[in-house]
Amino acid sequence: MIISILVGGVLLVVLAVALPVLFGPPYLPTLQPNLKTALDMLDLQPGQTLLDLGSGDGRVLQAAAQRGWQAVGIELSPVLVLVARIRTWKYRKQVRVLWGNYFRRTWPPADAIFGFVIPYQMEQLSGRIEAWHTKPVKLASFAFQIPGKRPAKEKQGVFLYEYK
Ligand SMILES: C[S@@+](CC[C@H](N)C(=O)[O-])C[C@H]1O[C@@H](n2cnc3c(N)ncnc32)[C@H](O)[C@@H]1O
């Protein structure tokens with residue numbers, strides 16, 4: 001009985017982390033050196049807001065908060081939402097983790113965006129940024145480029161795009 005509950009629980013967690021693959025990238029955390037590069041490139045001031053599309057375990061949100069930034073993540077997996085909320089608890093006045101699909105949820109105002117997404121979504125993502133932003137905003141995309149759009153900078157696998 002206990003074994004069945006344990007196995008069921010583990011399966012549920014695995015499913016909750018794996019199912020977002022149907023809607024976008026799998027859970028694959030950005031490594032710290034690349035994350036540092038991306039945040040350095042975005043170069044926000046304390047108090048400005050970073051939006052992380054698919055915020056995973058919350059490491060991007062945590063690193064942003066450590067720089068004095070506000071950070072909002074949108075994440076499809078409820079398990080990862082919980083993990084990120086626990087991870088960023090210390091910074092709860094600066095960090096929000098929203099549960100949902102980043103193509104369906106309304107995006108909050110932000111000064112910059114971080115994304116470690118998936119190639120087939122890059123064009124749609126860029127169109128969404130164009131339609132959403134009301135002031136200049138930067139996107140740091142780890143690993144993947146936007147087809148047909150020239151990055152303002154590129155370093156260590158991070159592509160920086162500017163929307164004016
Ligand atoms: C490659 S991981 C990146 C995680 C984190 N941003 C980082 O860099 O460490 C992508 C994340 O996006 C989530 N995801 C996939 N499709 C999504 C969607 N349509 N809406 C919201 N989150 C999604 C996955 O669950 C996963 O946690």
If residue 19 passes every condition in (1) assigned to a helix (DSSP H, G or I); (2) under 12 Å from the mean Cα position of the chain (by Cα) but one, which one does it miss? (2)
Looking at residue 120 and the list (1) free of Cβ contacts under 8 Å to residues at least 12 places away in the same chain; (2) surrounded by 19 or more Cβ atoms within 10 Å (Cβ to Cβ), which single condition is not satisfied? (2)
Top-ranked residue in region 4-55 [being of a type in the set (Gly, Ala, Ser) and surrounded by fewer than 20 Cβ atoms within 10 Å (Cβ to Cβ); ranked as farthest from the ligand (Cβ to nearest atom)]: 4
Show the residue pairs that are 6+ apart or on different chains and have beta-carbon atoms under 7 Å apart, the first residue being within region 142-164 and in contact (Cβ under 8 Å) with a residue 60 or more places away in the chain, the second being among the aliphatic types (A, V, I, L, M) and surrounded by fewer than 13 Cβ atoms within 10 Å (Cβ to Cβ). 160/152
Every residue in region 66-80 that is farther than 22 Å from residue 40 by Cα, surrounded by 22 or more Cβ atoms within 10 Å (Cβ to Cβ) and hydrophobic (A, V, I, L, M, F, W, C), please. 76, 80
Reported set for region 56-78 where residues are of a type outside the set (A, V, I, L, M, F, W, C), within 11 Å of the ligand (Cβ to nearest atom) and at negative phi is 57, 59, 62, 73, 75, 77, 78
Here the residues within region 86-117 that are aromatic (Phe, Trp, Tyr), surrounded by fewer than 20 Cβ atoms within 10 Å (Cβ to Cβ) and within 12 Å of the ligand (Cβ to nearest atom) are 99, 103, 107
Could you please give the count of residues in region 53-78 that are out of contact with any Asp or Glu (no Cβ under 7 Å at 6 or more places or on another chain) and under 23 Å from residue 12 (Cβ atoms)? 7
Yes/no for residue 137 being in contact with a Leu (Cβ under 7 Å, 6 or more places away or on another chain) and either in contact (Cβ under 8 Å) with a residue 12 or more places away in the chain or of a type in the set (A, V, I, L, M, F, W, C) (or both): no
Checked 81, 21 against criteria (touching an Asp or Glu at 6+ places or on another chain (Cβ under 8 Å), on the phi < 0 side of the Ramachandran plot and aliphatic (A, V, I, L, M)); the one match is 81
Does any residue of region 127-147 turn out to be away from the ligand (no atom under 12 Å from the Cβ), crowded, with 22+ Cβ neighbours inside 10 Å, part of a loop (DSSP other than H, G, I, E, B) and of a type in the set (S, T, N, Q)? no
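Each reported figure results from applying straightforward, stated rules to the coordinates on display, with no laboratory input. None of these values were measured; they are calculated from a predicted model. Virtual Cβ from ideal backbone geometry, glycine too; neighbours counted across all protein chains shown.
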